[in-house]
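Asks: Quick one: the structure is below, questions incoming.
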Amino acid sequence: MKKITLILTAALVVLSAVAQEKTEGYSFTTVKENPITPVKNQSSSGTCWSFSGIGFLESELIRMGKGTYDLSEMFIVRKNLEDKAQKYIRLGGYLNFAPGGSFADVIDAMNDYGLVPESEYLGLNYGEETHKHGEMDGSLLAYLNAIRENKNKSLSTAWYRGFQGILDAYLGQVPETFTYNGKSYTPASFRDMLGLRASDYVSLTSFTHHPFYKPFAIEIPDNWRWAESYNVPLDEMMQVIDRALENGYTVAWASDVSESGFTRDGIGIIPDENSPENAGSDQAHWLGLPVRERSAQLLTKINKGEHIAEKSITQEMRQLAYDNYQTTDDHGMLIYGTAKDQYGKKYYMVKNSWGETGKYKGLWYVSEAFVRYKTMSIVVNKQAIPKNISAKLGLQ
């Protein structure tokens, strides 16, 4: 009997450990969820801006009743590399020729060149199954720098064709026409058939070094187009996001994901390392630890799904983080809904472009504090903006 009791006790301990492992972490309840297309994978390429921007347009098509489309990110990447190269040479190299970009690159390229289905332009013409742009990016920059040296004392008529030739070798030639669902299109006529118009979309941001309710070009390297965003107070930017989501719109979201609270397992929060609430029972010991060690312990708590007190984000904190290079143009994603965790705290549901990775298969849950603090800019359909804010911006 004693042996049986010991066996049963051991079994219960194992079952309890398994149950704890299964329940460990955050548990989310969806509040509002708008349709998105499947998560894609930018792989080893700095093209999050295109993946998130295209994902935004794909969700717009669903909202508009057009159905589900799989649009080519690499067509947009290709067209932006061409535009960027010409500007780089015109400026004598005084431009950030790098893989990064902004949502304006997607909207402007759609407006100028159109769109194509993914099936017509994969951008994988170099022996890989996923996007790996290191070699291509390095080759393009080296080529442009050779042109920039201007050793002939004047630019030849061939340099741009040479640049396009490199793009053709890696990404493939852009189709002038293609057939989709039995109909023939050009990239421009395909865009027009979809009913997407650049004039329907507007970029917003929130910083104090420029006047509110006026547009300005955000001073970040990836804004090589010098595209402008309307500047609004922080609370109003959050109102725009919330109203958009509540009314069926998604939000293209440019953010900084370098914070330790943005985990690779689908969570994004801004822990308050100095909060007594996060200290547990031994507050004195907690506050005596170096900030780095406190951050590491908080990350462990996040992974376990423990309740974490977050910083209360103000307009001034946002500005300071931007001015000190603590908030940079890191990553583009898509906000498509809201949820609450098991403690009742609000989160935004985010579609990423790192493939179906992490606990939530490529989706993230990002706290309200994180969005308030780390948002660089957003793009929304201007119909999603509250009328009182839209009037201040002169959009009505």
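Asks: Return the total of residues in the range 247-274 being part of a loop (DSSP other than H, G, I, E, B) and within 30 Å of GLU293 (Cα to Cα). So that I can check it myself, show each step before the final result.
Replies: Of all residues in the range 247-274, those part of a loop (DSSP other than H, G, I, E, B) come to 247-250, 256-261, 263-266, 269-270, 272-274.
Cutting the leftovers down to within 30 Å of GLU293 (Cα to Cα) gives us 256-261, 263-266, 269-270, 272-274.
Number of matching residues: 15.
Asks: Just to be sure, is LEU320 surrounded by fewer than 20 Cβ atoms within 10 Å (Cβ to Cβ) and free of Cβ contacts under 8 Å to residues at least 12 places away in the same chain? Outline the logic, then answer.
Replies: Details: surrounded by fewer than 20 Cβ atoms within 10 Å (Cβ to Cβ): yes; free of Cβ contacts under 8 Å to residues at least 12 places away in the same chain: yes.
It is true that LEU320 is surrounded by fewer than 20 Cβ atoms within 10 Å (Cβ to Cβ) and free of Cβ contacts under 8 Å to residues at least 12 places away in the same chain.
Asks: When only residues in the range 60-92 that are among the acidic types (Asp, Glu) and farther than 27 Å from SER156 by Cα count, which is surrounded by the most Cβ atoms within 10 Å (Cβ to Cβ)?
Replies: GLU73
Asks: Can I ask one more? Check ASP222 against each of (1) at pLDDT 90 or above; (2) in contact with a strand residue (DSSP E or B) (Cβ under 6 Å, 6 or more places away or on another chain); (3) crowded, with 18+ Cβ neighbours inside 10 Å and name the one condition it does not meet.
Replies: (2)
Asks: Based on this model, can you work out whether LEU141 counts as under 17 Å from GLU82 (Cβ atoms), out of contact with any Pro (no Cβ under 9 Å at 6 or more places or on another chain) and part of a helix (DSSP H, G or I)?
Replies: Details: under 17 Å from GLU82 (Cβ atoms): yes; out of contact with any Pro (no Cβ under 9 Å at 6 or more places or on another chain): yes; part of a helix (DSSP H, G or I): yes.
Answer is yes for this residue.
Asks: Quick check on the range 172-230: of everything there that is hydroxyl-bearing (Ser, Thr, Tyr) and in contact with a helix residue (DSSP H, G or I) (Cβ under 6 Å, 6 or more places away or on another chain), which residue is farthest from ALA391 (Cα to Cα)?
Replies: Going residue by residue through the range 172-230, those that are hydroxyl-bearing (Ser, Thr, Tyr) are 177, 179-180, 184-186, 189, 199, 201, 203, 205-206, 208, 213, 229-230.
With the extra rule that they be in contact with a helix residue (DSSP H, G or I) (Cβ under 6 Å, 6 or more places away or on another chain), the set shrinks to 201, 206, 208, 213.
Working: TYR201: 16, SER206: 17, THR208: 20, TYR213: 10 Å.
Looking at the filtered set, the residue picked out is THR208.
Asks: Return the only residue of PHE212, PHE190 being assigned to a helix (DSSP H, G or I) and of a type in the set (Phe, Trp, Tyr). Can you show your working first?
Replies: Values: PHE212 fails: assigned to a helix (DSSP H, G or I).
Exactly one of PHE212, PHE190 is assigned to a helix (DSSP H, G or I) and of a type in the set (Phe, Trp, Tyr), namely PHE190.
Asks: I would also like to ask the following. Can you report the number of residues in the range 293-313 which are among the acidic types (Asp, Glu), free of Cβ contacts under 8 Å to residues at least 40 places away in the same chain and within 17 Å of TYR343 (Cβ to Cβ)?
Replies: Filtering the range 293-313 for residues among the acidic types (Asp, Glu) gives 293, 306, 310.
Going one step further and asking which of them are free of Cβ contacts under 8 Å to residues at least 40 places away in the same chain, we end up with 293, 306.
Of the ones still in play, those that are also within 17 Å of TYR343 (Cβ to Cβ) are 306.
Result for the range 293-313: 1.
Asks: Here's something else I'd like to know. Could you please tell me which pairs satisfy a Cβ distance under 7 Å, a separation of 6+ or placement on different chains, a first residue in the range 39-51 that is assigned to a loop (DSSP other than H, G, I, E, B), and a second residue that is acidic (Asp, Glu) and crowded, with 22+ Cβ neighbours inside 10 Å?
Replies: Here the result reads THR47/GLU73, each pair linking the range 39-51 to a residue that is acidic (Asp, Glu) and crowded, with 22+ Cβ neighbours inside 10 Å.
Asks: To continue, here is another question. Within the range 140-171, which residues are touching a residue at least 24 places away in the same chain (Cβ under 8 Å), more than 30 Å from LEU61 (Cα to Cα) and surrounded by 14 or more Cβ atoms within 10 Å (Cβ to Cβ)? Explain how you work it out, then say what you get.
Replies: The first filter runs over the range 140-171 and keeps only residues touching a residue at least 24 places away in the same chain (Cβ under 8 Å), leaving 140-141, 144-145, 147-148, 155, 159-160, 163-164, 166-171.
If we keep only those that are more than 30 Å from LEU61 (Cα to Cα) as well, we get 140-141, 144-145, 147-148, 155, 159-160, 163-164, 166, 169.
Within the range 140-171, LEU140, LEU141, LEU144, ILE147, ARG148, TRP159, TYR160, PHE163, GLN164, ILE166 meet the criteria.
Asks: Out of everything in the range 379-388 that is touching a Leu at 6+ places or on another chain (Cβ under 9 Å) and either among the polar types (S, T, N, Q) or closer than 15 Å to TYR213 by Cα (or both), what residue ends up being surrounded by the most Cβ atoms within 10 Å (Cβ to Cβ)?
Replies: Within the range 379-388, the first condition is being touching a Leu at 6+ places or on another chain (Cβ under 9 Å), and the residues that meet it are 379-380, 382, 384-385.
The next check asks that each one be either among the polar types (S, T, N, Q) or closer than 15 Å to TYR213 by Cα (or both); those that pass are 382, 385.
On the way: LYS382: 17, ILE385: 25.
Only one residue fits best here, namely ILE385.
Asks: Looking at TRP226, is it over 23 Å from LYS304 (Cα atoms) and in contact with a Leu (Cβ under 7 Å, 6 or more places away or on another chain)?
Replies: Values: over 23 Å from LYS304 (Cα atoms): yes; in contact with a Leu (Cβ under 7 Å, 6 or more places away or on another chain): no.
It is false that TRP226 is over 23 Å from LYS304 (Cα atoms) and in contact with a Leu (Cβ under 7 Å, 6 or more places away or on another chain).
Asks: Could you identify the single residue in SER199, SER154, SER203 that is more than 25 Å from MET64 (Cβ to Cβ) and polar (S, T, N, Q)? Give the steps one after another, and end with the answer.
Replies: Details: SER199 fails: more than 25 Å from MET64 (Cβ to Cβ); SER203 fails: more than 25 Å from MET64 (Cβ to Cβ).
Answer to the check: SER154.
Asks: What number of residues within the range 328-359 satisfy the criterion of being under 14 Å from VAL257 (Cα atoms), modelled with pLDDT of 95 or more and not hydrophobic (A, V, I, L, M, F, W, C)?
Replies: 5
Asks: Run ALA244 past the list (1) at pLDDT 85 or above; (2) of a type outside the set (D, E, K, R); (3) assigned to a loop (DSSP other than H, G, I, E, B) and report the number of the one that doesn't hold.
Replies: (3)
Asks: Evaluate the following for LEU245: is it closer than 16 Å to LEU393 by Cα, of a type outside the set (Ser, Thr, Tyr) and buried (at least 18 other Cβ atoms within 10 Å of the Cβ)? Working first, answer last.
Replies: Values: closer than 16 Å to LEU393 by Cα: no; of a type outside the set (Ser, Thr, Tyr): yes; buried (at least 18 other Cβ atoms within 10 Å of the Cβ): yes.
So LEU245 fails the test.
The values are calculated or read from the model by the stated rules, or taken from the named source; none is laboratory data. Keep in mind it's a predicted model, so treat the numbers as computed, not measured. Backbone-built Cβ (ideal geometry, glycine too); neighbour counts: all protein chains shown.
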